[in-house]
1. Is it the case that R174 is at pLDDT 95 or above and of a type in the set (K, R)?
2. Among the residues of the stretch 241-265, how many are of a type outside the set (A, V, I, L, M) and out of contact with any Phe, Trp or Tyr (no Cβ under 9 Å at 6 or more places or on another chain)?
3. Search the stretch 299-336 for residues being surrounded by fewer than 20 Cβ atoms within 10 Å (Cβ to Cβ) and aliphatic (A, V, I, L, M), and hand back the single one that is farthest from V472 (Cα to Cα).
4. Checking G101 against (1) in a loop (DSSP other than H, G, I, E, B); (2) at pLDDT below 90, only one condition comes out false. Which one?
5. Please work out if T428 is surrounded by fewer than 23 Cβ atoms within 10 Å (Cβ to Cβ) and at pLDDT 95 or above.
6. Go through the stretch 404-425 and report how many residues are surrounded by fewer than 21 Cβ atoms within 10 Å (Cβ to Cβ) and among the aliphatic types (A, V, I, L, M).
7. Quick check: anything in the stretch 127-138 in the same structural domain as H195 (by TED's automatic domain parsing), surrounded by 24 or more Cβ atoms within 10 Å (Cβ to Cβ), in a loop (DSSP other than H, G, I, E, B) and at pLDDT below 90?
8. Would you confirm whether any residue within the stretch 343-358 is basic (K, R), under 30 Å from A382 (Cβ atoms) and at pLDDT below 95?
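The values are calculated or read from the model by the stated rules, or taken from the named source; none is laboratory data. Quick caveat: nothing in here was measured; it's all calculated off a predicted structure. Ideal geometry is used to build each Cβ from the backbone, glycine not excepted, and the neighbour counts take in all protein chains shown.
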Amino acid sequence: MRPALPAVCCALLLVLAGCSVGYDGPGTTGTTVPTSGPTATPADGSGSTSTATGTATPTASSSTPTFPEPTATAIETPTPPTTQEPGGLGGLGGLFGGSDGDSIAVQGGELPLDPTRVYDRTSRLLGTDAPRPNAVQLLDTTGNTTRPPEFQRLLGLERNVTEVEAVAFVAGPRTVYVNRNLTDRPAFLEHVLAHEFAHTVQFRRGDIGRVTAATASGPDGRFASTAVIEGGASYVEDRYWLAYMVNRSAPGPRPARDLERRYRNSDGAARYAFAPYWFGYRYLTATVDSPADLSAVYADPPTTSEQVLHPGVRDEPVPLNVTLRGETEGVWQETFAPARGRVGEAFVRVALGTELRDERAARAAAGWGNDTRIAFNNESGARGYAWVLRFDDEGNASEFDDALADYLDERTGTGPLADDRTGRQWATTLDGRPIAYRLRRTDGRTAVLLLGTPGFVDADTTTVREGDGRVVITTDREADREDG
């Protein structure tokens, strides 16, 4: 049985700066709209339970957390200097690895604050002498309406906004790119820069490479690495606000409160994009005492979204072996884009939450033990997916089973159209074309959801069974008979 976790104060910030670092390793370029992971944030600046039975993974309460009233002494951090700095807003001279000769340049316009001073304060919180970036580049960004991948859309993760602009982003340690629209909002801009400067330090110290190397490829591993990288920068941003901005006359909203609000007030693809920031910040708040301690997390990061969602739990995914039969010579064959991979507990929670109450979605996802998503297509390009999920025990599997059935009732607007030994089946449409879902239990702990084109989901095409502890998925039953 997993140990119960103490309640953790969830403080977070906004999905700040579309920082695109960490998703595919150093050198990734920025993008304005989050797709499979969070890469952007609107430029307007707005915008523990357990399963009922069995041994459940503890989850954080989905109710709004209580934040302590912020004060300048709420965290342990050096008092900002009171002496006049060069030019009134200078960069603290050479105290933190810089000098008047290597101040951060501003390109493409003017800023209402000194970025060198913001960087030096950020590096002070981090306890680092990493070199400053060369420049802050102002630019105009445009909205983007990129849609989430098909698998996400089949499970309700549609985008709930039509256009998103990047606040800021980095693609390396030398330049921070900032949306020009932020120049008339100096308080917001200041802690956004702290977030981005935290990323430049991550690049300088090799933290991004260490984190991404420690996590697996695929959605779940990317979620975990993004949560550590973006959660770390979000944690620094919030601590910067507490240390240097809270006692000002107009500091603006606390970044942590704003991010928490953004996560809870969004749904679908937007919520999934905010989730690594929110839960990454929460994980780090529960794990470290100050920004100077972040290197220890980067050296030994959580590797699954389950570990991120439940600070203190470091369980590895339970064994899960899936065998395919008939897919190499039959009509329906496994594809390699998207490649087979683990989706993770965070995705389960967000997907179920598109139709169910947050508390129930969290409970149903909490017993997650492992999963794999496998994509298939036929010669015409029609697509189907097999999503295999194994839970910690039978109680947790039943909790998920019941929740998923209610979720599909809501998503399709009907009850199951078929309910027999081959599983329960639902049907609806997506983008004007018919789609189907079939839920099949192979053993007490394992559920398989077939979804996509009805021709793939149909029990006469694809069968699912248990065999010697494995999950066996057979496409094109004639091939199965030929194999014996």
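1. Against the criterion (at pLDDT 95 or above and of a type in the set (K, R)), R174 qualifies.
2. Looking only at that region, the number is 8.
3. Only one residue tops the list, namely A299.
4. (1)
5. Yes: the conditions hold for T428.
6. Qualifying residue count for the region: 3.
7. Checked against the condition, which is being in the same structural domain as H195 (by TED's automatic domain parsing), surrounded by 24 or more Cβ atoms within 10 Å (Cβ to Cβ), in a loop (DSSP other than H, G, I, E, B) and at pLDDT below 90, the stretch 127-138 yields no hits at all.
8. no
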